Amino acid sequence: MKSAIVIGSGFAGLSAATHLADHNFKVTLLEKNDSPGGRARIFKEKGFTFDMGPSWYWMPDVFERYFNKFGKSASDYYKLIRLDPSYKVIYGKDDDLSIPANYEMYRNMFEAIEPGSSKNLDKFLKQASYKYEQGINKLVHKPSRSITEYINLKLLFDVIRMDIFMSYEQHIKKFFRHEKILRLMEFPILFLGAVAKNTPALYSLMNYADIKLGTWYPMGGMNKIIEAMVQLAKDKGVVFKTGQEVMKLEVDNNKIDSVVTSKGIFKADVIVAGADYHHVDSVLLDTQYRNYNEDYWSKKVMAPSAVIYYLGVNKKVKNLLHHNLFFDADFSSHVEEIYSNPGWPDKPLFYACVPSVTDSTVAPDGMENLFILIPVASGIEESDEIIERYYQQVINRIEAYTGDKIKDHIIYKRSFTRKDFITNYNSYKGNAYGLANTLWQTAILKPSIKNKKVKNLYYTGQLTVPGPGVPPSLISGEVVAKEVIKDIGN
Ligand SMILES: Cc1cc2nc3c(=O)[nH]c(=O)nc-3n(C[C@H](O)[C@H](O)[C@H](O)COP(=O)(O)OP(=O)(O)OC[C@H]3O[C@@H](n4cnc5c(N)ncnc54)[C@H](O)[C@@H]3O)c2cc1C
């Protein structure tokens with residue numbers, strides 16, 4: 001029986017560990033934090049249960065397929081409900097859209113904003129559906145270790161048909177003109193770490209996921225997925241060691257000989273690192289064994305970092321849905337301030353999540369669980385004063401929109417910022433969502449899942465293939481496990 005050590009218990013690490021254990025590897029999972037889940041951990045305070053990271057459950061088919069691989073279903077672990085309306089987009093006071101789950105109603109909403117756009121929406125989604133099918137079933141499963149994986153006439157044809165070489169911005173402008181619609185179509189890629197003009201039009205598959213597959217919620221919160229995955233991993237024999245920060249990967253004869261943690265030394269035939277790629281490659285390994293140098297990393301476009309506020313409100317808040325996107329500010333200046341000219345935004349777009357609208361278990365009776373996220377550039381300097389200033393700004397904007405006094409009803413408040421991403425997850429530049437999905441950071445152009453100098457070291461997670469987001473991270477763990485099995489068998 002071969003042995004494996006997996007570093008990090010985020011979605012990618014959990015998925016890799018479970019797939020390897022299912023192939024009879026003896027798996028030990030080492031996690032620096034005291035609880036599993038990485039960016040999707042929870043914390044509880046004053047009767048509130050806060051999901052710390054992801055809140056949008058998209059692509060339910062990917063989760064179902066994950067559990068099905070092990071003879072299970074998501075419903076064995078948690079109750080999933082489809083949100084309707086899916087979410088709300090706020091363009092200004094008395095100017096918002098509640099996005100219907102029903103497609104006919106969605107079309108009608110488009111038609112009312114831009115006459116003729118509903119037919120274009122049908123065409124747009126027909127193409128997006130093809131991209132989703134091919135992308136999710138084929139492309140994202142490629143380990144992208146070599147260009148030869150893509151040298152196949154049918155696949156090349158598909159790659160062209162999937163608009164990999166056209167920008168997302170050009171693509172949506174072929175179908176729609178109205179500013180409100182353009183913003184609505186851009187949001188899924190913006191919040192997952194990309195900007196429309198640099199993103200391949202392939203990512204309109206995200207619009208298919210949004211509009212056709214829907215926005216779901218696991219009752220109890222997103223961490224229910226982590227609980228389910230941990231349970232499944234344990235059932236397969238994975239041994240969890242939390243509170244064990246890996247400090248060094250010792251190499252001997254071009255193989256990792258020992259994994260040195262804050263509490264001990266571990267050995268295994270193969271190591272799969274699900275912690276942030278840059279940290280593993282540039283901090284845990286000696287220089288001569290690194291896949292990439294600092295110059296390589298400094299040129300990478302990182303997905304945003306985030307300023308997050310977890311708030312407990314001692315009353316129900318009016319006029320907000322479960323998911324609310326505040327687009328009541330200039331879209332392009334905020335995008336500039338994240339990517340082209342990184343700095344603190346003047347008037348940021350932000351996202352407010354109120355899971356207690358759907359789920360009474362995440363807040364005490366009659367109260368509201370409010371999570372606010374502002375995407376900001378990775379790597380910018382912060383101070384307590386800045387974080388407080390943005391807090392006041394977003395609360396004022398929420399109060400102005402809802403017409404409801406909230407500030408004086410906040411009985412719990414915690415912020416989580418760039419420096420917390422670094423201390424909690426060893427995140428490069430404090431990124432929240434890994435590497436941006438630009439054309440030059442797609443497929444074989446992403447950091448490789450295999451170390452080229454150390455025979456038994458692999459990488460998984462949101463900085464390698466296929467990319468950021470919960471479904472891609474789940475898939476990343478599966479892809480790397482398959483490569484390990486192919487390379488060293490069991
Ligand atoms: C605020 C926020 C909101 C998001 N919203 C969404 C959303 O709504 N929908 C969506 O699909 N995606 C969302 N995402 C993205 C998604 O959460 C991530 O892409 C995904 O969770 C990444 O998983 P991962 O396994 O790659 O990394 P992580 O979850 O970061 O896991 C890496 C693990 O490695 C551990 N680690 C690091 N260094 C060491 C070390 N030296 N030794 C041991 N362990 C170590 C870390 O503690 C961590 O547990 C969001 C992310 C954030 C931060």
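Odds and ends about this structure:
- Residue check, Tyr433 within 10 Å of the ligand (Cβ to nearest atom) and at pLDDT below 95: yes
- Checking the stated criteria, Ser356 turns out not to satisfy the condition of being touching a strand residue (DSSP E or B) at 6+ places or on another chain (Cβ under 7 Å), assigned to a loop (DSSP other than H, G, I, E, B) and buried (at least 21 other Cβ atoms within 10 Å of the Cβ).
- Condition broken by Met109, with the remaining ones in (1) closer than 30 Å to Glu337 by Cβ; (2) touching a residue at least 24 places away in the same chain (Cβ under 8 Å); (3) in contact with a strand residue (DSSP E or B) (Cβ under 8 Å, 6 or more places away or on another chain) satisfied: (2)
- Selection from the range 286-315 of residues that are hydroxyl-bearing (Ser, Thr, Tyr) and either surrounded by 19 or more Cβ atoms within 10 Å (Cβ to Cβ) or without any contact (Cβ under 8 Å) to a residue 12 or more places away in the chain (or both): Thr287, Tyr296, Ser298, Ser305, Tyr309, Tyr310
- Residue pairs meeting the criteria (Cβ under 8 Å; at least 6 apart or on separate chains; first hydroxyl-bearing (Ser, Thr, Tyr), in the range 328-350; second part of a loop (DSSP other than H, G, I, E, B)): Ser333/Pro345; Ser333/Asp346; Ser333/Lys347; Tyr339/Val195; Tyr339/Val301; Tyr339/Ala377; Tyr339/Ala436
- Filtering the range 1-23 to residues that are more than 21 Å from Ser258 (Cα to Cα) and surrounded by fewer than 24 Cβ atoms within 10 Å (Cβ to Cβ) leaves Asp22, His23.
- Filtering Gly47, Gly71, Gly38, Gly8 for residues that are farther than 27 Å from Ile211 by Cα and free of Cβ contacts under 8 Å to residues at least 12 places away in the same chain leaves a single hit, Gly71.
- Any hit, the range 362-370, residues being of a type in the set (Asp, Glu) and crowded, with 19+ Cβ neighbours inside 10 Å: yes
- Any strands (runs of 3 or more DSSP E) falling wholly within the range 249-336 and containing at least 1 residues that are more than 30 Å from Gly403 (Cβ to Cβ) and in contact with a Pro (Cβ under 6 Å, 6 or more places away or on another chain): none
- Subset of the range 186-220 that is within 13 Å of the ligand (Cβ to nearest atom), in a helix (DSSP H, G or I) and within 15 Å of the chain's Cα centre (by Cα) - its residue that is surrounded by the most Cβ atoms within 10 Å (Cβ to Cβ): Met206
- Residue pairs whose Cβ atoms lie under 7 Å apart, sitting 6 or more positions apart in sequence or on different chains, and linking a residue in the range 381-402 that is farther than 23 Å from Val354 by Cβ to a partner that is outside any helix (DSSP H, G or I), are Glu382/Thr417; Ile386/Trp344.
- Scanning the range 385-402 for residues that are surrounded by 19 or more Cβ atoms within 10 Å (Cβ to Cβ) and among the charged types (D, E, K, R) gives a single hit, Arg397.
- Residues in the range 417-438 that are more than 18 Å from Ile372 (Cβ to Cβ) and among the hydrophobic types (A, V, I, L, M, F, W, C) were compared, and the one that is surrounded by the fewest Cβ atoms within 10 Å (Cβ to Cβ) is Ile422.
- Filtered residues of the range 24-72 (kept if under 28 Å from Ala268 (Cα atoms), within 16 Å of the ligand (Cβ to nearest atom) and surrounded by fewer than 19 Cβ atoms within 10 Å (Cβ to Cβ)): Asn33, Asp34, Ser35
- Looking across Asn137, Asn120, one residue alone is surrounded by fewer than 19 Cβ atoms within 10 Å (Cβ to Cβ) and modelled with pLDDT under 95. It is Asn137.
- Scope the range 375-416; condition hydrophobic (A, V, I, L, M, F, W, C), touching a helix residue (DSSP H, G or I) at 6+ places or on another chain (Cβ under 6 Å) and not in a helix (DSSP H, G or I); matching residues: Ala377, Ile406
- The residues of the range 436-483 that are more than 15 Å from the ligand (Cβ to nearest atom), over 22 Å from Arg290 (Cβ atoms) and assigned to a helix (DSSP H, G or I), listed by number, are Leu439, Lys482.
The values are calculated or read from the model by the stated rules, or taken from the named source; none is laboratory data. If you're wondering where the values come from, they're calculated on a predicted model, not measured in any experiment. Glycine gets a Cβ as well: all are built from the backbone with ideal geometry, and neighbour counts include every protein chain shown.
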